[in-house]
1. Of the heavy-atom accessible surface of segment 1-102 (probe 1.4 angstrom), what whole percent is carbon and sulfur?
2. Please check: in the Gaussian network model of the chain (C-alpha springs, under 10 Å), which one of Ala70, Ala43, Ala155 has the largest mean-square fluctuation.
3. Averaging sequence separations of C-alpha pairs under 8 Å and six or more residues apart, then dividing by the length of the chain, give the relative contact order as a whole percent.
4. Can you give me the distance in nm between label points at Asn163 and Glu83, each placed 7 Å from the Cα along the Cα-to-Cβ direction?
5. Take the chain, connect every pair of alpha-carbon atoms lying under 10 Å apart with a spring to form a Gaussian network, then pick out the residue of Val29, Val72, Val60 with the largest mean-square fluctuation.
6. Sorted by mean Cβ packing within 10 Å, highest first, what order do the peptides 187-199, 7-19 take?
7. Please identify the cysteines of the chain that lack any partner cysteine with a Cβ under 4.7 Å from their own Cβ.
8. Hey, what do the phi angles of segment 135-142 turn into as Karplus ³J(HN,Hα) couplings, whole Hz, using 6.51/-1.76/1.60 and θ = phi - 60°, x for Gly and Pro?
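The values are calculated or read from the model by the stated rules, or taken from the named source; none is laboratory data. What you are looking at is a predicted structure, and each value in this text was computed from that prediction instead of being measured. Cβ: placed from backbone, ideal geometry, glycine included. Neighbour counts: every protein chain shown. Side chains are part of the model used for accessible areas, which takes the heavy atoms of the whole protein and leaves out ligands, DNA and RNA. Shrake-Rupley method; radii C 1.70, N 1.55, O 1.52, S 1.80 Å.
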Amino acid sequence: MNYNLPLLQVGDVLLSPDIITERFCCDLVSCKGACCVEGDAGAPVTLDEIGKIEDSLDTVWLDMPARAQAVVDRQGVAYSDLEGELVTSIVDGRDCVFTCHEDGICLCLLEKAYRAGRSEFCKPISCALYPIREKRLANGLVGLNYHRWSVCGAARRKGAELNLRVYEFLKEPLIRRFGSAWYDELTATVAELRKGGYIE
């Protein structure tokens, strides 16, 4: 098997090959949702998502900790980080303002409200797509890279046990971001690579 594959292009999206070769499946019991609180900035968001978060704010406001409410009162649901990117606001340089803790696990209040049918907005697509990170390229294409992070070691082990690849684990958010026709094209590309003996 040849894993030294070049970048893959599906539509106007370039993907790093490890998105189709690496195994991954979130294991919240093990990682405790560390990606919601680790790091030094919030989750990347678009202007459109900021508007949707603001529309959903009343739904989750009473569930937010007082410190998180104070941050939102002071600077809003998002801010520009050191690189000039819009990201969700955070508390004490750490927790996303929409983080909640249940049984020692970090969860997203926005997603909880969505799953309960109380909101039409789930969560920023950057959160849903993780460990894939998206970047807008100068030529108008979109670049997708697989981000390896130490806090996701359990997810890599679980993915290996289930033989679940990154793009398979992220089927729902990839369809949400790029559409079902795009995802079908991706799976067809993977099938051709497998048929040609380039991947398992």
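1. So the carbon and sulfur contribution to the accessible surface is 51 percent.
2. Ala70
3. Working: 290 pairs, mean separation 65.1, N = 200.
That works out to 33 percent.
4. A separation of 3.6 nm, rounded to one decimal place.
5. Maximum among the listed residues: Val29.
6. Ranking the peptides 187-199, 7-19 by packing returns 7-19, 187-199.
7. Cys25, Cys26, Cys31, Cys35, Cys96, Cys100, Cys108, Cys122, Cys127, Cys152, each lacking another Cys Cβ under 4.7 Å.
8. The phi angles translate into 9, 7, 8, 5, 8, x, 7, 10 Hz.
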